[in-house]
Amino acid sequence: MRKWWFAVAAAVLTAGLSGWSEENSALQFERVRIGGHDATFEAAAIFDVDGDGVKDLVSGEWWYPGPDFRDRVHIADIRHVDTYYDDFSNYPMDVNGDSRLDIVTGGWWGETLYWRENPGGRNPGWITHTVAKVGNIERCLFYDLDGDGWPEVMPVTKPVHIFRLVRDAQGKGTGRFEQFTVETDGGGGHGLGAGDISGDGRPDLIFASGWLEAPADTWDMKGWKWHPEWSFGLVSVPILTHDVNGDGLADLIVGEGHGYGLFWMEQRRDNSGTRAWSRHDIETDRSQFHDLQLHDINNDGRVELVTGKRFWAHNGHDPGARDPIGLYYYTIDNGKFTRHVIDYGPPDRASGAGIYFWVEDVDGNGWKDILAPGKEGLYLFLNRGPAVP
């Protein structure tokens, strides 16, 4: 265990734990530590790595074969800078069309978008391929922008770059990406999302300082229209689009990635169709909500907001950095968010959400589980359904 971690744990333990929330999750989760104290990567994913039909866990330099996740197989050496690994996304995608899922990733220091080629089976030594050098990558967003069923890759950079996997006549990946750059003065930087703001059925791109309205042809890079309708700062990746209050208009859910706050922006329109936005706070006394996801975590047929604190996001220099860390889900009822605590405490006893966590039913019991990476360690939260009263 590194010396910096001891110092951080001590700081958090003395940070006023009397303010802990007593709220409990309405669901029962079993927390499992994955890997050792060196498993401090901030991105993770769940998918069948070796093609045996069983879901595996992936995080940083290692993957952990299911169903028990006790062993680990080396993927690649990843650049280590201070408390960070230069690996801020772990997205599974069959890039080269060999029916094996590879990993698409990128990082801040390398300034490069990569994909790591899966060698098959439990073989170590994945080959890392360069896609493009695009500048400091805060994280990547993966979203199907053109409606063809395949996600595009958007590193969080400025200017706005979109990467489309080149596929052959059979729809298989060719190992190459086509790069597009949006020609506009707006967009880019910390904070990125995608969703249909305008209601025209096309996904728009959302940023901390406004949004880009998609043209009829996604790949018309001059056709994207900039709308500077808000200014947030260093906010979450992603910024989520969701009709929070059920009025038929797309609202936004936003986390403060490097400060206190979690909030939603209500979209309103007057009789002429002019948009206006109203901010509603969800949390004001918890910080570093860097990754947000919407999932039906409690099987009620509606999505919940799943998120948590990214531990030590800026090495203790963010507001609230020494507060306890936590992992939560929020039920959403006509604009009201209710927090359910999955985990909460100091970093030697609890988990946050990292910069890129994953939600999926890994054990096949019908309830979605959470794989939460971070500098505090890698944890799997197995969802056991409703807690027994």
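Below, the figures for the structure above:
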{"item": "Computed Kirkwood radius, in angstrom, where 1/r is averaged over Cα pairs of region 18-128", "result": "15.3"}
{"item": "Percent RCO, i.e. relative contact order, over region 207-252, from Cα pairs under 8 Å lying at least 6 residues apart", "result": "32"}
{"item": "Carbon/sulfur fraction of accessible area - the chain, other protein chains in place, 1.4 Å, %", "result": "47"}
{"item": "Whole-number D in µm² s⁻¹ for the chain, Kirkwood Cα-pair radius fed into Stokes-Einstein, 4 °C, 1.567 mPa s", "result": "61"}
{"item": "Area accessible to solvent at K225, 1.4 Å probe radius, in Å²", "result": "110"}
{"item": "Over 23 Å (Cα to Cα) - which of K55/K133; K309/K336; K133/K375 fall in this group", "result": "K55/K133; K133/K375"}
{"item": "Solvent-accessible area per residue for region 134-260 (1.4 angstrom probe, square angstrom)", "result": "38"}
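The values are calculated or read from the model by the stated rules, or taken from the named source; none is laboratory data. Everything numeric in this text was worked out from a predicted model, so none of it was measured. Accessible surface areas use protein heavy atoms only, side chains included; no ligands, DNA or RNA. Shrake-Rupley method; radii C 1.70, N 1.55, O 1.52, S 1.80 Å.
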